[in-house]
1. If you take the residues of segment 540-576 that are over 26 Å from the mean Cα position of the chain (by Cα) and among the polar types (S, T, N, Q), which of them is surrounded by the most Cβ atoms within 10 Å (Cβ to Cβ)?
2. Give the residue that is farthest from SER671 (Cα to Cα), with candidates limited to residues of segment 467-497 that are modelled with pLDDT of 80 or more and assigned to a helix (DSSP H, G or I).
3. Scan PRO348, PRO341, PRO301, PRO353 and give me the residue that is surrounded by 16 or more Cβ atoms within 10 Å (Cβ to Cβ) and in contact (Cβ under 8 Å) with a residue 12 or more places away in the chain.
4. Looking for something assigned to a helix (DSSP H, G or I) and more than 20 Å from the chain's Cα centre (by Cα) - is there at least one such residue anywhere in segment 658-678?
5. When you scan segment 406-415, do you find a residue that is surrounded by 23 or more Cβ atoms within 10 Å (Cβ to Cβ), closer than 17 Å to GLU603 by Cα and either of a type in the set (A, V, I, L, M) or modelled with pLDDT under 95 (or both), even just one?
6. Checking SER381 against (1) closer than 28 Å to GLU185 by Cα; (2) among the polar types (S, T, N, Q); (3) outside the structural domain of GLY426 (by TED's automatic domain parsing): exactly one of these is not met. Which one?
7. Run down ALA441, ALA505, ALA451, ALA429 and say which single residue is aliphatic (A, V, I, L, M), touching a strand residue (DSSP E or B) at 6+ places or on another chain (Cβ under 9 Å) and surrounded by fewer than 22 Cβ atoms within 10 Å (Cβ to Cβ).
8. Which members of segment 314-335 meet the condition of being part of a loop (DSSP other than H, G, I, E, B) and farther than 16 Å from PHE300 by Cα?
Amino acid sequence: MRLAPPALGLVCVGALFAQTDWPAYGGDSHQTRYSNLKQIDRSNVSKLEVAWQYDTADGTGDPQTQPIVVHGVLYGVTPRHKIFALDAASGKELWRFDSGTPQRGANRGVVYWESGEDRRILAGVKDHIYALDARTGKVIPTFGVEGAIDLREGLGRDAAKQSYVLTTPGIIYKDLLIVGGRLPEALPSPPGDIRAFDVRTGKVRWQFHTIPHPGEFGYKTWPQNAWNYTGSANNWPGMAVDLERGIVFAPTGSAATDFYGADRTGDNLFSDSLLALNAATGERIWHFQAVHHDIWDRDFPSPPTLVRVMHGGKAVDAVAQTTKQGWVYLFERATGKPLFPIRESKYPASAAPGEITAKKQPLPTRPAPFARQRLTEDMLSNRTPEVHAWALDKFRTFLSAGQFIPFAVDKETVIFPGFDGGAEWGGSAYDPATGLLYVNANDVAWTSSLAANTAPNSGRQVYLTNCAVCHGDAMAGAPPSIPSLAALRGQRTEAQVAAVVRTGAGRMPSYPNLKAEDVAALAKYVLSGEDKELQSSADAASRPKYRFTGYHKFLDPDGYPAVAPPWGTLNAINLSTGEYAWKIPLGEYPDLAAKGMKDTGSENYGGPVVTAGGLVFIAATNFDRKFRAFDKATGKLLWETTLPFAGNATPAVYSVDGRQYVVVHANGGKSGKFGPQGGMYIAFALPK
């Protein structure tokens, strides 16, 4: 087992670890996804071969995991959220930890910390964080309560009724583990406080209220006492830490309820914000709010990246943050001063009764967006004349006017790029040698609308209030990200559906707050359509007047995007100038490529990594199952291979005993009907 190097003393991840390691999610504390290894380079990358494969043999799912590698040991997560350690040179399993909590869905990795002989893996499984001995995988009982802390506690709400999941691993600053979490996007939802836990004991050392309490900065941007009843504004995509300055950078999510904010009038700080906090104390240093009073779910989707750029003739330490809309914000790290001007522009007010939208919204003037911003008739699919005619007829029923257009009641509004970006959770890669930021993007349109909440208390109303926000009024979902519920009929029992409602599954939160009769009526309605009336379920007076009708991906009748390609891209942006070095389509649909429709790009989830060997490695594409290497200077494809399942994850790069490896988790979690699913880690290297 490879944990032999001498003790390093107290370690901040990314500061003292060997450059052969990949010691943290994102590669290092700066979230650069950069490796200075160059054994694999432009001249020999075409010779890559499989060095080892590790089949997790733990079902299917969409964990989105990027493994870490420390001292020759790789640590990762299975589709059902078991934690494991492998010999990073051979792929041989060293240990596996099972928390006993059945779980699936996003779990993007684990955290490593060491001090002297104390070496720990800190792993989130659902709403708990476990401290494991990095050598053995055994729980460390002195951490928290018998080795774990419950993230639902300490939020000022009844812990037993909260839905809280740690999807992106926390980040280390000295002896602190700083974390956020994924919360429901509709009420009830706990507040998205950012917390620092003592890495040895599990005790809370500081807590930042993202929904301010009385007397705190930002309190007046909410209704009075909103902190008592509203929720979210959570850090779900991860963070970055400037170790020298002691600053943690945390992007936050939208507030609940996501799409109709009549009960949260105001700008709603610190939702949809990039926060710069004192990493030792949690005190706010500066913030930037990208969306005031968000009603579009346009929160920041990925960890920020700490970069050094040339600005005004001098080197500046900066923080870059990508967005779902396809923009990059760039700020001076210490002060929050934008390095490119940000323009506040006026946008239309909402016509939905009770909704008060912000009069202005900010967008950067540079770089130009890496995804298209407004869908027009000339941008519809021309895959066939029949498809174009269908798309045109459908489009003419929509409202399509660009960014920040409020949702209409009973009329579909276009969100372009869609709810899943633009940029997404995979993150960006930064090359310090060239100043280029590499970001992959989706470029597919979605639509949705609002509808009045007028139905009486019944199983259907419980569904519309709690489930339709994702699965839609007709239970069609938005596969593969959000499954259709129609397929459950005849395949699941009411008891099985009720159990999932209680515990959550995949990206679906749990609903511990619902009464037993609500859950029973909901399960019956989903499986049979029978709409049982309820006497004492959620009071109609407490429901919002309007609800979101679901995520509707704009697909043609054959299941392909109804807009013209590219449907996914990979972009290289010079952060010093704001100019693009190159931009290429990323991904294909194999069946379309076989008919001559190549280089369309496709939806992609998982990010790139960049190396000193002149390469950008990325899998991510949903349907062609490819893992690719591009020339980082030009975007030229230099190597590709087909994975057994789509690699909807971000790779990691490391070296053991002088041999460089590139590893990716192949799972196919986003492939849907277009490809198989599994759970396999595959490492590539040059021939020995």
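The values are calculated or read from the model by the stated rules, or taken from the named source; none is laboratory data. Computed from a predicted model, the values in this text were never measured in an experiment. So basically every Cβ, Gly included, is an ideal-geometry build from the backbone, and we count neighbours across all protein chains shown.
1. The residue in question is SER576.
2. By that ranking, first place goes to ALA495.
3. Details: PRO348 fails: surrounded by 16 or more Cβ atoms within 10 Å (Cβ to Cβ); PRO341 fails: surrounded by 16 or more Cβ atoms within 10 Å (Cβ to Cβ); PRO353 fails: surrounded by 16 or more Cβ atoms within 10 Å (Cβ to Cβ).
Result: PRO301 is the single residue among PRO348, PRO341, PRO301, PRO353 that is surrounded by 16 or more Cβ atoms within 10 Å (Cβ to Cβ) and in contact (Cβ under 8 Å) with a residue 12 or more places away in the chain.
4. Narrowing segment 658-678 to residues assigned to a helix (DSSP H, G or I): 672-674.
Next, only the ones that are more than 20 Å from the chain's Cα centre (by Cα) stay: 673-674.
Within segment 658-678, one or more residues are assigned to a helix (DSSP H, G or I) and more than 20 Å from the chain's Cα centre (by Cα).
5. Residues of segment 406-415 surrounded by 23 or more Cβ atoms within 10 Å (Cβ to Cβ): 407, 415.
Those left that are additionally closer than 17 Å to GLU603 by Cα: 415.
Okay, now just the ones that are also either of a type in the set (A, V, I, L, M) or modelled with pLDDT under 95 (or both), so 415.
Yes - at least one qualifying residue is present in segment 406-415.
6. Exception for SER381: condition (1).
7. Working: ALA441 fails: surrounded by fewer than 22 Cβ atoms within 10 Å (Cβ to Cβ); ALA505 fails: touching a strand residue (DSSP E or B) at 6+ places or on another chain (Cβ under 9 Å); ALA429 fails: surrounded by fewer than 22 Cβ atoms within 10 Å (Cβ to Cβ).
Step by step, each of ALA441, ALA505, ALA451, ALA429 is checked, and only ALA451 is aliphatic (A, V, I, L, M), touching a strand residue (DSSP E or B) at 6+ places or on another chain (Cβ under 9 Å) and surrounded by fewer than 22 Cβ atoms within 10 Å (Cβ to Cβ).
8. ARG333, ALA334, THR335
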